[in-house]
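Enquirer: To start, I am sharing the structure in question, which I have written as structure tokens.
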Amino acid sequence: MADFNAIIEALVACDTDKVTQLVDAAIAEKVPATDILNQGLIAGMDIVGEKMENGDMFIPEVLMAAQAMGSCVETLKPLLGEGESTEGASVIIGTVKGDLHDIGKNLVSMMMESAGMAVHNLGVDIAPEDFVAEIKSKNAQIVCLSALLTTTMPMMKQTVDAIVESGLRDQVKIMVGGAPVTQAFCDEIGADGFAPDAGSAAKMAKSFVA
Ligand code: B1M
């Protein structure tokens, strides 16, 4: 039986060795990878977020927790796949300009790769013109935009506008996500789909190319 609370506590304590050890133990006990992710790591990161907001944790500590989570996500990666293959749709994903958060975006990328798509993960702080250039060079069918800050959400709109202006809008489905993003915001900026989490993002992407 996995001790999700221990994973949460170790992550909040920024104890990378302990988080890694607990996640490895849970994997060895055949606890489903999605449970380790959702009930352990993501739940822990939510508490880190609350502590950050309340001034009980500072950026260097938050970064340590994020790094611990990132390394465990890499370990979980092969176990998170859905195993189904699609036609290898070309997907571009990135965090919009001004925003440096990448854990959630990397999870989405990972789930889409596991679903058989050719994912081009551009990284963080990606300007609208760079999304446009990558759509052209990778002949993308789907573009995924991630934003974690309310202050960078307008950059999603600017990116959608840049894609429209480039003449490529009809070629791609635009998907948006990230903690502050909503379906209403997606509709407002003219994107095609909002996904609240990595699993639903991969499902939606598959439905777009089915
Ligand atoms: Co930042 N940060 N941060 N941070 N950070 C938040 C987002 C915040 C909510 C914390 C808080 O105050 N409670 C707050 C934003 C407030 C707001 O805008 N309303 C905040 C702030 C304020 C900031 C800074 C401004 C702090 C400062 O400097 N004073 C600064 C901004 C830097 C910048 O980006 N320019 C900053 C910096 C950082 C760190 C660098 C220290 C670090 C990021 C490290 C990294 O990513 N490599 C960090 C972290 C770790 C967080 C929290 C604690 C955790 C984010 C995370 O990784 N969550 C976060 C609080 C929180 O979210 N609870 C916080 C886990 C991840 C799995 O979830 O990213 O939501 P998430 O992804 C989910 C879904 O949203 C969805 O699927 C994912 C998996 O299910 N999804 C998509 C995400 N992208 C998608 C794209 C899609 C589809 C679905 O495309 C189709």
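Enquirer: Name the single residue that is farthest from the chain's Cα centre (by Cα) among those in the range 181-204 being acidic (D, E) and under 16 Å from V143 (Cα atoms).
Expert: Checked the range 181-204; the qualifying residue farthest from the chain's Cα centre (by Cα) is D187.
Enquirer: State whether one or more residues within the range 161-170 are within 13 Å of the ligand (Cβ to nearest atom) and either assigned to a helix (DSSP H, G or I) or closer than 18 Å to H120 by Cβ (or both).
Expert: no
Enquirer: Now for a different question. Tell me the residue from K138, K51 that is more than 11 Å from the ligand (Cβ to nearest atom), of a type in the set (K, R) and either within 18 Å of T20 (Cα to Cα) or touching a residue at least 24 places away in the same chain (Cβ under 8 Å) (or both), please.
Expert: Working: K51 fails: more than 11 Å from the ligand (Cβ to nearest atom).
Residue meeting the stated conditions: K138.
Enquirer: Then there is this: Being within 9 Å of the ligand (Cβ to nearest atom) and modelled with pLDDT under 90 narrows it down to one of L100, L63, L80, L41, so name that one. So that I can check it myself, show each step before the final result.
Expert: Numbers: L100 fails: modelled with pLDDT under 90; L80 fails: within 9 Å of the ligand (Cβ to nearest atom); L41 fails: modelled with pLDDT under 90.
Checking each option against the conditions leaves just L63.
The rows are residues; the columns are (1) under 22 Å from the mean Cα position of the chain (by Cα); (2) modelled with pLDDT under 90; (3) away from the ligand (no atom under 15 Å from the Cβ).
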residue	(1), (2), (3)
N5	no, no, yes
A13	no, no, no
E29	no, no, yes
A33	yes, no, no
G70	yes, yes, no
E74	yes, yes, no
G88	yes, yes, yes
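Enquirer: Give D130, D161 a once-over and let me know the one that is closer than 21 Å to F185 by Cβ and surrounded by fewer than 18 Cβ atoms within 10 Å (Cβ to Cβ).
Expert: The unique qualifying residue is D161.
Enquirer: Further, regarding this structure: Regarding D125, is this residue more than 9 Å from the chain's Cα centre (by Cα), part of a helix (DSSP H, G or I) and either closer than 18 Å to M156 by Cβ or at pLDDT 95 or above (or both)?
Expert: When the stated conditions are applied, D125 does not pass them.
The values are calculated or read from the model by the stated rules, or taken from the named source; none is laboratory data. Everything numeric in this text was worked out from a predicted model, so none of it was measured. Ideal geometry is used to build each Cβ from the backbone, glycine not excepted, and the neighbour counts take in all protein chains shown.
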